[in-house]
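Readers should treat all values here as calculations from the given coordinates under stated rules, not as data from a laboratory. This one's a predicted model, so the numbers in the text were calculated from it and none came from an experiment. Cβ placement follows ideal geometry from the backbone for every residue including glycine, while neighbour counts extend to all protein chains displayed.
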Amino acid sequence: MSFTLAIVGRPNVGKSTLFNRLVGKKLALVDDQPGVTRDLREGEARLGDLRFIAIDSAGLEDVTDDSLQGRMRRLTERAVEMADICLFLIDARAGVTAQDEVFADILRKKNAHVIVAANKAEGNAGEAGFLEAYSLGLGEPVRISAEHGEGLDELYHIIRPHA
Ligand code: GDP
Ligand code: MG
């Protein structure tokens, strides 16, 4: 059985790094789509023996003005609607920020099925941020490093029952 997993979170937490790791080269660019869907990337992802569709919200990294809030919100809402599971990334080194709370609110309001991942947690660098992630109230977080490929076994075991 296949499912769709949306990788969501504020800019710079490592969504695209994780997406690229899960999808590898099998990237299907979602172009010719109206509206915000243009900024969502879809790909065939693989984690252990799990095969699924991963969604990355792209194209927001360079926007810094106030319009970002609304755009990010719409994009995230759209990704959540498309997904069976949302992988909510925070930056474990930065801890939980006010912007992370905005995303947590969106996920709560949408009643999304959420897995919280504290990324950039290679070594022990993100331990404090990882612990802060419990305060989001979205369940037990998992430590990962998208860049170094750490914590993916644990992520697999968390995703698998929901697949
Ligand atoms: P996005 O904006 O959420 O898509 O984030 P990106 O995937 O573009 O990553 C933002 C920055 O964080 C880049 O410089 C990445 O190299 C870095 N990054 C991503 N994952 C990790 C990680 O696991 N550890 C560390 N130390 N840096 C990471
Ligand atoms: Mg990105």
Say each of Asn12 and Arg46 gets a label point 7 Å from the Cα, pointing the same way as Cα to Cβ; how far apart are those two points in nm?
3.4
What distance in nm separates the simple spin-label points at Asn20 and Glu81, each placed 7 Å from Cα in the Cβ direction?
3.0
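Nearest 5 is fine: what % of DSSP beta bridges in segment 74-162 come out antiparallel, could you say? All intermediate terms of the calculation are to be shown ahead of the outcome.
On the way: 1 of 9 bridges.
If I count the DSSP bridges inside segment 74-162, around 10 percent turn out antiparallel.
Between Ala58 and Thr4, what is 0.36 nm times their sequence separation minus the Cα-Cα distance? Round to one decimal in nm. Present the calculation step by step, with values, prior to reporting the outcome.
Numbers: separation 54, 0.36 × 54 = 19.44 nm, distance 1.67 nm.
That works out to 17.8 nm of additional length.
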